[in-house]
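Working notes, structure below.
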Amino acid sequence: MITKRVESVTVCLESYTALTRGHSLFSLAMPGMDNALLIFPKPPNRYEFILSQESSFFQVNPEVLDWKHTCVSWESELGVVQLWIDGKLYPRTVMKKKSQIDIEASIILGQEQDSYRGKFDIQQCFVGEITNVHMWDYVLTQEEIQKVLAGKKDMNGNIINWRSLQYEIKGDVVVQPQLQCRSLGNNYNLHSMCYEN
């Protein structure tokens with residue numbers, strides 16, 4: 001649960017799924033606002049980012065069955081939204097200038113909240129693996145995004161830090177070690193092992 005007001009935010013995470021329908025990766029809701037911040041891929045080549053009930057859509061490279069590193073950032077002053085997938089920045093959009101994400105926010109991974117902490121739709125749920133979720137109250141630079149992508153330990157979120165996250169498991173969720181990381185280059189048949197950096 002977020003316990004402060006933020007006017008800038010970056011959320012980064014890694015995911016692995018075979019889903020071909022839209023699904024929630026990260027859902028932040030506040031009392032009276034179910035979609036305060038939502039990251040919602042729509043395979044094969046779209047992402048929806050919702051901030052304070054307003055949507056922004058991104059055309060992205062077609063999905064491949066591999067680990068994907070996703071970062072989304074937004075800052076209030078200019079309203080600039082950035083979507084990074086596997087280190088690639090997609091065309092930026094502008095939305096919700098001078099807005100903020102308020103206190104008392106509920107964060108749920110893999111399921112969209114259609115009300116604060118509830119009203120879940122099974123057709124929007126994530127099925128797969130999610131790891132390395134971090135959230136900052138500022139916009140990461142390009143260099144910082146690359147460090148997060150490389151898994152550098154000094155790039156932990158100051159709001160959500162995956163390495164020290166306190167969480168509650170609900171539904172059919174299983175916590176397992178990550179056995180395989182992203183593929184090596186463009187060869188999707190060769191995968192790297194996961195090592196601590």
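The values are calculated or read from the model by the stated rules, or taken from the named source; none is laboratory data. Given the structure is predicted, the values throughout are model-derived calculations rather than measurements. Backbone-built Cβ (ideal geometry, glycine too); neighbour counts: all protein chains shown.
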Being touching a residue at least 24 places away in the same chain (Cβ under 8 Å) and under 21 Å from G87 (Cα atoms) is the filter; apply it to the stretch 42-56 and report the residue that is surrounded by the most Cβ atoms within 10 Å (Cβ to Cβ).
F49
Checking the condition under 16 Å from the mean Cα position of the chain (by Cα) and of a type in the set (D, E), which residue from E48, E54 passes?
E48
Subset tally (residues that are closer than 30 Å to E143 by Cβ, of a type outside the set (G, A, S) and at pLDDT 90 or above) for the stretch 1-22:
9
Given (1) surrounded by 17 or more Cβ atoms within 10 Å (Cβ to Cβ); (2) closer than 16 Å to V139 by Cβ; (3) out of contact with any Lys or Arg (no Cβ under 6 Å at 6 or more places or on another chain), index of the condition S99 fails:
(1)
Does P62 satisfy the criteria of being in contact (Cβ under 8 Å) with a residue 24 or more places away in the chain and either more than 23 Å from N132 (Cα to Cα) or assigned to a loop (DSSP other than H, G, I, E, B) (or both)?
no
The stretch 8-54, subset among the basic types (K, R) and part of a strand (DSSP E or B), residue farthest from C125 (Cα to Cα):
R46
